[in-house]
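Enquirer: Just dropping this structure here.
The values are calculated or read from the model by the stated rules, or taken from the named source; none is laboratory data. Keep in mind it's a predicted model, so treat the numbers as computed, not measured. Using ideal geometry, Cβ is built from the backbone for each residue, glycine included, and neighbour counts are taken over all protein chains shown.
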Amino acid sequence: MSKPDNMEERLEAVRLYGEYSQLFDDWNGSGDGRNKMQGAYDVYLEFASANNVLLATDDDGHPMKCAASDVPLIEADQWLDDLETNEYFLRSALGLPPRAQEEEEKLPDMAEATA
């Protein structure tokens, strides 16, 4: 599997998120620390939103990576979860095609259905 085209942006998002996470872990409840933490999160969020690389995070708030390719996962990716090992795999890393986008089923217009 080749790396995604936006690999540099993904890695920068991980770095920025890591800075925020470190400040969060070190936060002692003071207002100044909260301002720094919020500022770091805002920088991450602005970068990630602008570059479409919002990181996918696990239940503990850690960025997720593909176990097969070590690519940081973003919310726009399609991946599979291995519930036994708590590992995540990009569909493309496993040679699987993207999931088909299902169109929403449309309900019939009630006026037409009763006419």
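Enquirer: Output the qualifying pairs, or none if there are none: Cβ atoms under 9 angstrom, residues six or more apart or on different chains, first residue in the range 78-91 and closer than 15 Å to residue 55 by Cα, second residue outside any strand (DSSP E or B) and polar (S, T, N, Q).
Expert: Listed pairs, sorted by first residue: 78/92; 89/69; 90/69; 90/78.
Enquirer: With the condition kept exactly as written, say whether any residue in the range 20-30 is crowded, with 16+ Cβ neighbours inside 10 Å, modelled with pLDDT of 95 or more, under 28 Å from residue 85 (Cβ atoms) and touching a strand residue (DSSP E or B) at 6+ places or on another chain (Cβ under 6 Å).
Expert: no
Enquirer: Another question, then. For the range 23-46, which residues satisfy the criterion of being more than 25 Å from residue 11 (Cα to Cα) and acidic (Asp, Glu)?
Expert: Passing the criteria: only 32.
Enquirer: Quick check: anything in the range 7-21 in a strand (DSSP E or B), among the charged types (D, E, K, R) and under 14 Å from the mean Cα position of the chain (by Cα)?
Expert: no
Enquirer: List every residue pair whose Cβ atoms sit under 9 Å apart, with the two residues 6 or more apart in sequence or on different chains, where the first one lies in the range 41-57 and is in contact (Cβ under 8 Å) with a residue 40 or more places away in the chain and the second, anywhere, is basic (Lys, Arg) and assigned to a helix (DSSP H, G or I).
Expert: 51/10; 53/10; 55/10
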